[in-house]
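The structure appears below as structure tokens.
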Amino acid sequence: MSELHSIPLTCKEGVYSVFDFYQDADGEDTIFFDYDTQYQMLTYDIPVGQDWRGMTLYSVPEKDIFRTLRACYGEDGGLLKITAVLNGHETLLYIRYEDEEDARKKIRRFAIRNANAIIEQIQQCKDVVARLFVDYYIDSETIDYHAMIGTAAQVETVRQKYHDDDSCDCSGNYPSEYIKGDNKMLITMVRCAEGHPSANFQYAVEIMSKHIEKYALPALRRTEDFKFICEEYD
């Protein structure tokens, strides 16, 4: 397998594969990739304002990243985005924002689209629901945002097990599967924007959570003591 070539920040307008570039491109204006075959881990640095920010992707199939990585350049020759189709899903590796306003607009647009994908899954539940949880988390390399449903029967099981009503408000006590959108795209969107990633993430979380609360709840069969609980976890 050939070595993963670096991607220059400027090039003639168009879309290029990684094999269209030379490995020895100028390091000052280039995104270098480091792919660990053993752990299927991709690491690279991206330009964010005047600085560079480290990115890490896990569970990246070797054949996918080499065959499907694409760099898109605009009319001004600037790098607009880098994508790859990983495990059959188009994954955003990098996106360039024009300014802070452009970043917030695009993050908001994605957040609503991501929330709609979660809402569509929530609305498939036909059971009587007593709790709808939204849990989220961020650290230096990881972002998680997901929803969980607690049915009326599950709430009663938790109540009898712990003999405590407060235990019913803890998502960790439920066996429900996580309901997710595109967390990989979410982490790229917030880490490519200027400002602290956690602040950008909180901006997206607020948009998604309010959208879910507004549009998911009316479609559910809810108990009288139903609760919508949105919390950050450790």
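The values are calculated or read from the model by the stated rules, or taken from the named source; none is laboratory data. The structure presented is a predicted model; accordingly, all values stated were derived computationally and were not measured. Reconstructed Cβ throughout: ideal geometry from the backbone, glycine too, with neighbour counts over all protein chains shown. These area figures cover heavy atoms from the full protein model, side chains too; ligands, DNA and RNA do not enter into them. Shrake-Rupley method; radii C 1.70, N 1.55, O 1.52, S 1.80 Å.
Ligands, DNA and RNA excluded, the heavy atoms of residue 99 present near 80 Å² of accessible surface to a 1.4 Å solvent probe. Using the Cα gyration tensor of the stretch 109-181, with a ≥ b ≥ c the square roots of its eigenvalues, what is the shape: rounded (a/c below 1.5), prolate (a/b larger than b/c) or oblate (neither)? Here the stretch 109-181 falls in the oblate category. Here's the list of lysines a cross-link from residue 81 could span, going by alpha-carbon distance under 24 Å and ignoring same-chain residues fewer than 8 apart: 12, 63, 105, 106, 180, 184. For the stretch 134-205, a crude dipole built from +1 on the beta carbon of Lys and Arg and -1 on the beta carbon of Asp and Glu, taken about the Cα centre, is about 200 debye to the nearest 20. Taken along its principal axes, the alpha carbon cloud of the chain reaches lengths of 64, 40, 28 Å, longest axis first. Judged by the ratio a/c of the largest to the smallest principal axis of the C-alpha gyration tensor, the stretch 107-148 counts as oblate, that ratio being 1.5 or greater while a/b is no larger than b/c. Within the stretch 151-234, the chymotrypsin sites (Phe, Trp or Tyr not before Pro) that combine a DSSP coil assignment with at most 15 other C-beta atoms in a 10 angstrom radius are 178, 233.
Tell me which GluC sites (Glu not before Pro) from the stretch 1-95 have a DSSP coil assignment and no more than 12 other beta carbons within 10 Å of their own. Present the calculation step by step, with values, prior to reporting the outcome.
Numbers: sites: 3, 13, 28, 62, 75, 90; in loops: 3, 13, 75.
In loop regions of the stretch 1-95 (DSSP not H, G, I, E or B), the sparsely surrounded GluC sites (Glu not before Pro) are 3, 13, 75.
By the gyration tensor of its Cα atoms, with a ≥ b ≥ c the square roots of the eigenvalues, what is the shape of the stretch 83-134: rounded for a/c under 1.5, prolate for a/b over b/c, or oblate? Oblate shape, in that a/c is at least 1.5 and b/c is the bigger or equal ratio. In the chain, a dipole from Cβ-located charges (positive for Lys and Arg, negative for Asp and Glu) runs towards its positive end, and of 208, 37, 142 it is 208 whose Cα lies farthest in that direction.
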